[in-house]
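Working notes for the structure below.
What follows is calculated from the coordinates using simple rules that are stated; it is not laboratory data. If you're wondering where the values come from, they're calculated on a predicted model, not measured in any experiment.
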Amino acid sequence: MLDAVEQIPAGRVATYGDVAARAGSRSPRLAGFVLSHLSDEQTPWHRVVRADGTPAPHLAQEQLARLRAEGVIATDGRVSLRRYRFVG
């Protein structure tokens, strides 16, 4: 699952469902669980958002700041998946 997250390039995002699908799972919750227990700062966890483009509520400020540093702009706390979604 972490390999799928590491493939998301800077300036792009993927949803939990996207990550799960790339890892061969049908469970976005599993992707969220794996990322919530992540201790590796090298994995770009901040590039994974909810299906509606919103960040994880408890990490919203940090996640949006990291995305903004990569050129991903959120409007009203939501990232445009149409514009920034990684399809690869």
Longest principal axis of the chain (C-alpha) makes with the long axis of helix 60-69 (C-alpha) an angle, in degrees to the nearest 10, of 70
Here the alpha-carbon Rg of the chain over 2.2 N^0.38 Å rounds to 0.96
